[in-house]
1. Could you look through region 63-122, keep only residues that are of a type in the set (D, E) and over 16 Å from L174 (Cβ atoms), and pick out the one that is most open to solvent (accessible area, probe 1.4 Å)?
2. Determine, yes or no, whether E124 is modelled with pLDDT of 95 or more and within 19 Å of S24 (Cβ to Cβ).
3. For region 142-150, indicate whether the set of residues that are in contact with a Pro (Cβ under 6 Å, 6 or more places away or on another chain), within 16 Å of the ligand (Cβ to nearest atom) and under 24 Å from E114 (Cβ atoms) is non-empty.
4. For region 8-28, give me the residue count where each residue is within 27 Å of S128 (Cβ to Cβ) and surrounded by fewer than 18 Cβ atoms within 10 Å (Cβ to Cβ).
5. Restricting to region 214-248, name every residue that is touching a Leu at 6+ places or on another chain (Cβ under 8 Å), of a type in the set (A, V, I, L, M) and more than 20 Å from E198 (Cα to Cα).
6. Condition test on D110, is it modelled with pLDDT under 95 and not polar (S, T, N, Q)?
7. Of the residues that sit in region 41-55 and are modelled with pLDDT under 95 and of a type in the set (D, E, K, R), which one is farthest from the chain's Cα centre (by Cα)?
8. Over 21 Å from V40 (Cβ atoms), more than 20 Å from the chain's Cα centre (by Cα), in contact (Cβ under 8 Å) with a residue 60 or more places away in the chain and surrounded by 13 or more Cβ atoms within 10 Å (Cβ to Cβ), is that true of G132?
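The values are calculated or read from the model by the stated rules, or taken from the named source; none is laboratory data. Please read all numbers here as calculations on a predicted model, not as lab measurements. Glycine also receives a Cβ, built like all others from the backbone with ideal geometry; neighbour counts cover every protein chain displayed. Protein only, heavy atoms only, side chains kept; ligands, DNA and RNA dropped before computing areas. Shrake-Rupley method; radii C 1.70, N 1.55, O 1.52, S 1.80 Å.
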Amino acid sequence: MDISERLPAGFRLEARDVVDSTNSEAARLAREGAADGTVVWARRQTAGRGRQGRQWQSPEGNLYCSLILRPNVPPARAAQLSFVAALALGETLRAALADGPAPRYKWPNDVLLEGRKVAGILLESSGSPAGGIDWIIVGCGLNLAHFPENIEGGYPATSLAAMGGKDISLQEMLARFLGAFAVWRARWQDEGLTVLREAWLSNAARLGEEISVRLPGEELRGRFDGLDESGALLLGLADGSHRTIAAGDVYF
Ligand code: BTN
């Protein structure tokens, strides 16, 4: 399959065999002026990065891609692109799993299968002098064939293959993911976060249950009560009050 013919309108592919990190490669291209919709896809990464400075193991066989986007919105709104990516990853997985487990979303931007992480999203951006966004990179890692057995400080992982998913080529998975991303991105641009938040919440892991949230210097325990209109996590505390959390790491 020639994947270039399957890209949604406005997307352009930069394919590589090996890179340090598709996010780093995308940042280099963005600094050189690469257009909105440029997608860096690599078969393997030698220095794949996760959130919180973690490593993202990147052997050949999984999907590693980073989208360069130039939305004309403030940084806080641009961060909502993680919901666009999560929903697109979830849809791509759902279609590949048929009767398998349903993908569930874990705030802020993980996708789980049976409680194990199958995909992660890393957003990195550069601001414009006017206080907006010059570019934002949406980096997505999807474990198709392999997953790490032990991740220090991380979360139990799995892969599509380990969950009995269909054997679909990398190119096909990339094309499907980008197609779904384009649809959700258009909805986000035209309608805002509300419709995405509803779709995300209807497949959220542990909604209404006890979770832990790790913040810099503190750990909170409470009930996962949903998301506010900006996408921040709402945590119900034992004293009946709520905390609204814009950034943190969730543990079950
Ligand atoms: C996380 O869950 O911690 C985020 C993982 C993001 C991994 C992807 S793989 C493609 C892109 N390139 C990187 O170096 N990281 C992201």
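1. Looking at residues that are of a type in the set (D, E) and over 16 Å from L174 (Cβ atoms), I get D99.
2. Working: modelled with pLDDT of 95 or more: yes; within 19 Å of S24 (Cβ to Cβ): yes.
The answer is yes for E124.
3. Of region 142-150, the ones in contact with a Pro (Cβ under 6 Å, 6 or more places away or on another chain) are 146.
Now narrow it down to the ones that are within 16 Å of the ligand (Cβ to nearest atom): 146.
Filter once more, so that each one left must be under 24 Å from E114 (Cβ atoms): 146.
Scanning region 142-150 turns up at least one residue that is in contact with a Pro (Cβ under 6 Å, 6 or more places away or on another chain), within 16 Å of the ligand (Cβ to nearest atom) and under 24 Å from E114 (Cβ atoms).
4. 6
5. The answer is L220, L237.
6. No.
7. The residue in question is R54.
8. The answer is yes for G132.
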